[in-house]
Each structure stands twice: as C-alpha cells, then as structure tokens.
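Here the structure is laid out as structure tokens; the discussion comes afterwards.
The values are calculated or read from the model by the stated rules, or taken from the named source; none is laboratory data. Here the structure is a predicted model, which is why all the values come from computation and not from measurement. Don't worry about glycine lacking a Cβ; one is built from the backbone with ideal geometry, like all the others, and counts go over all protein chains shown. Note: areas computed on protein heavy atoms with side chains; ligands, DNA, RNA excluded. Shrake-Rupley method; radii C 1.70, N 1.55, O 1.52, S 1.80 Å.
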Amino acid sequence: MKHRLWFTGKKLIRMALLLLGVSIVTFLLMSASPLDPLQTNVGQAALGSMSPEQIAKLEAYWGVDTPPLSRYIGWLLDALRGNLGVSLLYRQPVLAVIGERLAGSVLVLLAAWVISGVLGLTLGILAGAFRGRWPDRVIRGYCLLISGTPAFWLAILLLLIFSVWLGWLPVGLSVPAGMEAAAVTFADRLRHAVLPALTLSITGVANIALHTREKMIGVMSSDYVLFARARGESERAIILRHGFRNVLLPAITLQFASVSEIIGGSVLVEQVFSYPGLGQAAVTAGLGSDLPLLLGITVVTAAIVFIGNLIADLLYGAADPRIRKGAVRR
Amino acid sequence: MEPILRIEHLSVSFTQYDRGARRRQRHVVKNLSLAVMPGQIAAVVGASGSGKSLLAHSILGILPYNSRAEGIILYDGEPLTQERAKALRGREIFLIPQGVTYLDPLMKVGPQLRKGRKDAGTEERCRAALLRYGLGPETEELYPFELSGGMARRVLIASAVTEKPRLIIADEPTPGLDARSAKRILGHFRELADEGTGILVITHDLELALTVADEVTVFYDGETIEQAKAADFEKVENLRHPYTRALWHAMPEHGFRVMPDPEDGKQVQRDNKNESGTDV
C-alpha cells in the first residue's frame, strides 16, 4: 500500500511538470501564430472605421499590447490559484466553457472509447489466434486501411452515406436545430452522437486491434500455450483461458493510452459534424486567438490523458499478481 | 511385449528464413528410430540447441506451423495420427516440459492443473497428484512466479499424473537443479516407470541419461550415432562414435577430459554451464 502511495505521489509530481510544459508550448505556439487577433475577430473594415482609442482598448482586451512573458506569468499565477481566466470569445469563465463543452462531448467520447476498446480487443484476439488465416487477413486489411484513412475524410464519407443518401441520421449538431432546449430528449442526443462516435470508434479500433494482435501472437507462440496444447486443452479453451487472460493486461494499458487518440480525433470529427463539443471549442479558440480558452482546453485535456495513463498503471498493479504480490513482499 | 511408442525413420525439420526472403529447411532430427517399452525409460541425448524439443512436439502433434515431421510414429501398435495424438495427449500421453515458463504466468497452479474443469473428481485427482510430490493443497493457490525451481519441476511432473499416464515425454527434466533435487526427480521417473508407464527422456546430459535410462540414443547433428543399452556405456570400447566417446570422456567419473572433436576440430565438452536448457 505504501508502495502504491509513493508511486502515485511520484506520478502526480510528474503530471504537474507535464502540465507546466504543455502550457508553455501552447503559449509559445500561440505567440508565434501569424493570426492577428484584432483582424480575425473584429475585421479589417471595422478596424478601419475605429478611432485609435477604440483600437487601443481592443488591443488591451486581446492582450496584444502586453509582452508575452508577463502575459504568460500572469496566466500561470492565476491558474495556480485555480482561475483559468475568462474566454475572450465566449465572454465566460474558461472553466465554465470547458465544463459545458465537455458535457456535450462526453457522450461521444465515452461511447467511442468503449466501443473501440471492446471491438479492438476482440478483433485483435481473433486475428492473433488465427494468425495468417483468413480472419487475420480480413482484420489486418481493415486495420491497415483504416490507419491510412484520415478521420475527417471518414467522417465526411459516413455523413454522405448515412445522412445525405440514406437520411437515417442527422447531418450535424448535438441536438435538433430550432428545438427548445427543454424539449430535447435523450434519444435526440443519442441520434446526433451516433455518427461522430462511430467515426471515432472505427478509427480507434485499428490501433488497438493491431497492438492486441501482436500481443496475442506472442501469447500463442509462448511456452505455456504449447504446454496447454500438449495437455490436450482445446484451441477454444486456450484462446479463452490463456490468450484472453494474458492479453487483457496489456489491453488495459492500451485502452487508457487510447484516451489521447480519442480526444485528439474528436477535434477534427466534431468540426466535420458541427458538434459543439470540446474539440470544436479548441478549434474555435485556436483560430480566434482566444488564448485563455486554448490554454485551458490544452491543460485540461492533457490532464485527462495523463490521469487515464495513471489509472492504467494503478490497475495494472492491482490486476497483475506478479506486481501485486511483489509489492506486498517488498 | 509390445512397445508403447515406436518411432521409425522420423525426420523433423523446420523452415528458417535467413537474410531476407531466402528460405532454408533445417533438419533437426534425421532418420531417428527408437522404441519405448511400458515400464522402461528411454533417453535421447543431443547437444543443446539442436532442436531436441521438436522431437517431443512432433510425437505430441503440436509442432509449430513452420515445422514438419516425416516418418512413422506408432503408439500402442497403431499409427499416431494428428487426430489420435490430439485425443490422447493430456489423457494417456503427457509432456513434462523444461521449466516454469511452460506454466501460464497469470493463472494459479490449481486451475492450471485442472484444465478448467471444476468437478470434485478432477479436484481430488489434482490434489492427490501434488501431494504425491510433497506439495500441499496450498500450492494450488500459488502463481508460477511464486514457485521455487524445484517446486515448479514437481508441479510439472504432478501435471502428468493427474490422469493415468501410459507414455510420458520429459524434455530436459533437470536443468537448474542441484544434484540432490535432480536425483529425486529422476527417482520419480523410475517410480512412474515401475508403475508401467513408458518414459522418453530428452536431454543434453549423457550422464543423466545413463543414470536413469534403460536405453540411450545419442544423436549428433540430427543423425543417430549411437544406440545402446545404458549398461553398454560403462566401457568406452563399446561406443562406436567419436562424439559419444568424447561425451563419455567428459563425464566427471571418466576424468572430465575435453577431447578434440574429430569432425570439425572444435572442442566438444559436456555442457555444464547450460542449465537453462532452452532449445528451439
């Protein structure tokens, strides 16, 4: 137990350093951006008709007149006190925007995460168990094809098929357009979440399946599977009893590591489906020079990804008897 | 008496890729013939890394996909086809593998021995098998990594007596064990043979083979070069092949001498260091 606490403590320190680094890089990238916040958000024509005082006011609002270093330090000091500032575009506290957007995305993200994990694991185990035979070839072919397909292109393809041609599913947004918020049912939300979640799942499956396949091949050519065969265990029993058990541990790591890919993928996919989630907010913030919002989103998603990996590490320690008992004995 | 296992002109080979896409057939066993009588221990001695394990796997019908076996294997007088091997392994024919890596690292000993069956009869038989080798019921709750070398070996032997074995194939049964434990393990083999089981021991260790076996086959570079009763090995004059003679001379009680290998000029020495005994 003490060992586990120490392990977690070390990880948390690492997380703080990581978040600091991520925020610095984001800030530097944003400062190097060629976009002029005034021109982007106010417009050339409007700027031309304004008085110098008005322009100075706007410059102050967008932070153009503050030197980058003091701007960053100001943000950092506030952030350490738990205040991530106010979004310049939405004119709301950054945390409130992120909370709202995350709530919008969570259905899509969670569904994609679970579906790609379960499906990827199953396909990977099948491919590994039938290595070289037709199920393996089909699964591997699918995975390689999908790995080479950009997520946004796949999103457009699904949109064309299911929304435009077949008309089964809505074209975009997270709720029906023009409907009162109170009248929106869960079924409506679900219908709108299907396509984005499907896109993310389809692309997420490939990576997990290919990794699981490698692990499964290793397990199937291991000494203990050979011995299980020598003892007359059926192929089915070997896959279920030994294969699944030994692939499950690396699968946990893989599953939690895939959090980053799902979040990353959601940025593009939400853009295609005009889905008002966290990913879309990130794009808006980036293109609109909304520095506090972009920093906030980057830091929060980085923390989510890190915590995902941390959970994987902790679960691993609890699930693997070699680590669990080894730690007790120490 | 009818031999329980008879092997005639068995050749085992596997396909190897060397440097790019060039494929090469590697013959690890060529034209091997031997017989194992019920109640008898036969030993096959070959150099480490010569693919001896594949011999065991070919009898059990569990060769990896890149290997093939040719020749005749008769079990109980009838050809041991792939289907028959599949039906018999784990029921009448048992493998005792080299070491703890042959146990699933994430499964406790008990469930592993029981092969997924949960009935009282199976449980009883597995418990008795462990007890026979001095392992209490608490062993069933241990993971393989918690077993000592000697315990792991006894668990592996116990796995062969959960049913009534008629043929046991033991692959490198003693590497990594001290002399006393090794002797006890070999005692277990003799005991099993005395109950009527035929045992085939595959090893790199001529001394071990001579201690335990009734009949010894030595192969070198895939070819059978010596086949004799263990008693015949007492006098070096009875040995025909220079390699066996070299092995004989390298045994401690025969002076521990290293003889030049007549075939390629390199030195042949009984491999004392190789205790892991890992083979292809």
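Here are the numbers:
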{"quantity": "Qualifying residues in the stretch B:63-76 (those that are more than 9 Å from chain A (Cβ to nearest Cβ) and among the hydroxyl-bearing types (Ser, Thr, Tyr)) - the one nearest to the chain's Cα centre (by Cα)", "calculated": "B:75"}
{"quantity": "Residue B:39, sole failed condition from (1) at negative phi; (2) more than 9 Å from chain A (Cβ to nearest Cβ); (3) touching a residue at least 12 places away in the same chain (Cβ under 8 Å)", "calculated": "(1)"}
{"quantity": "Criterion: modelled with pLDDT of 80 or more, under 22 Å from residue A:158 (Cβ atoms) and open to solvent by less than 20 Å² (accessible area, probe 1.4 Å) - qualifying residue of A:308, A:264, A:277", "calculated": "A:277"}
{"quantity": "Scan of the stretch A:208-227 for residues that are open to solvent by less than 60 Å² (accessible area, probe 1.4 Å) and either outside any helix (DSSP H, G or I) or facing chain B (nearest Cβ under 7 Å) (or both), ordered by number", "calculated": "A:222, A:223, A:224, A:226, A:227"}
{"quantity": "Among the candidates A:137, A:131, residue that is outside any helix (DSSP H, G or I) and either surrounded by fewer than 16 Cβ atoms within 10 Å (Cβ to Cβ) or in contact (Cβ under 8 Å) with a residue 24 or more places away in the chain (or both)", "calculated": "A:131"}
{"quantity": "3 or more residues among the β-branched types (Val, Ile, Thr) and out of contact with any Ser or Thr (no Cβ under 7 Å at 6 or more places or on another chain): qualifying helices (runs of 4 or more DSSP H) within the stretch A:1-100", "calculated": "A:2-32"}
{"quantity": "Qualifying residue in the stretch A:40-59 (condition: in contact (Cβ under 8 Å) with a residue 24 or more places away in the chain and open to solvent by 70 Å² or more (accessible area, probe 1.4 Å))", "calculated": "no"}
{"quantity": "Failed item in (1) within 14 Å of another protein chain (Cβ to nearest Cβ); (2) not in a loop (DSSP other than H, G, I, E, B), with residue A:232 passing the rest", "calculated": "(2)"}
{"quantity": "The listed residue being surrounded by 13 or more Cβ atoms within 10 Å (Cβ to Cβ) and at pLDDT below 85, out of A:121, A:110, A:169, A:77", "calculated": "A:169"}
{"quantity": "Residue ranges of strands (runs of 3 or more DSSP E) in the stretch B:128-223 with at least 1 members buried (at least 19 other Cβ atoms within 10 Å of the Cβ) and within 14 Å of chain A (Cβ to nearest Cβ)", "calculated": "B:167-171, B:198-203"}
{"quantity": "Residue check for residue A:202: out of contact with any strand residue (DSSP E or B) (no Cβ under 8 Å at 6 or more places or on another chain), assigned to a helix (DSSP H, G or I) and either open to solvent by less than 30 Å² (accessible area, probe 1.4 Å) or within 14 Å of chain B (Cβ to nearest Cβ) (or both)", "calculated": "no"}
{"quantity": "Considering residues of the stretch A:243-289 that are among the aromatic types (Phe, Trp, Tyr) and over 24 Å from residue A:192 (Cβ atoms) only, the residue farthest from the other protein chains (Cβ to nearest Cβ)", "calculated": "A:256"}
{"quantity": "Lone qualifier among A:173, A:190, A:160 - being in a helix (DSSP H, G or I), of a type in the set (A, V, I, L, M, F, W, C) and in contact (Cβ under 8 Å) with a residue 12 or more places away in the chain", "calculated": "A:190"}
{"quantity": "Tabulated pairs, the stretch A:304-330, first more than 14 Å from chain B (Cβ to nearest Cβ) and in a helix (DSSP H, G or I), second open to solvent by 70 Å² or more (accessible area, probe 1.4 Å) and modelled with pLDDT of 80 or more, C-beta under 9 angstrom, 6+ apart or interchain", "calculated": "A:306/A:14; A:306/A:18; A:310/A:12"}
{"quantity": "Where a residue in the stretch A:1-14 is touching a residue at least 24 places away in the same chain (Cβ under 8 Å) and charged (D, E, K, R) and its partner, wherever it lies, is surrounded by 12 or more Cβ atoms within 10 Å (Cβ to Cβ) and part of a helix (DSSP H, G or I), with Cβ under 6 Å and at least six apart", "calculated": "A:11/A:310"}
{"quantity": "Cβ-Cβ under 7 Å pairs, at least 6 apart or on other chains, the stretch A:226-238 side closer than 16 Å to residue B:162 by Cα, far side open to solvent by 30 Å² or more (accessible area, probe 1.4 Å)", "calculated": "A:231/B:115; A:232/B:91; A:233/B:115"}
{"quantity": "Qualifying positions in the stretch B:77-91 - surrounded by fewer than 18 Cβ atoms within 10 Å (Cβ to Cβ) and more than 9 Å from every other protein chain (Cβ to nearest Cβ)", "calculated": "B:77, B:78, B:79, B:81, B:82, B:83, B:84"}
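Each row is one residue, and each column tells you yes or no for (1) of a type outside the set (Gly, Ala, Ser); (2) crowded, with 16+ Cβ neighbours inside 10 Å; (3) farther than 23 Å from residue B:189 by Cβ.
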| residue | (1), (2), (3) |
| --- | --- |
| B:25 | yes, no, yes |
| B:34 | yes, yes, no |
| B:44 | yes, yes, no |
| B:48 | no, yes, no |
| B:55 | yes, yes, no |
| B:66 | yes, no, yes |
| B:71 | no, yes, yes |
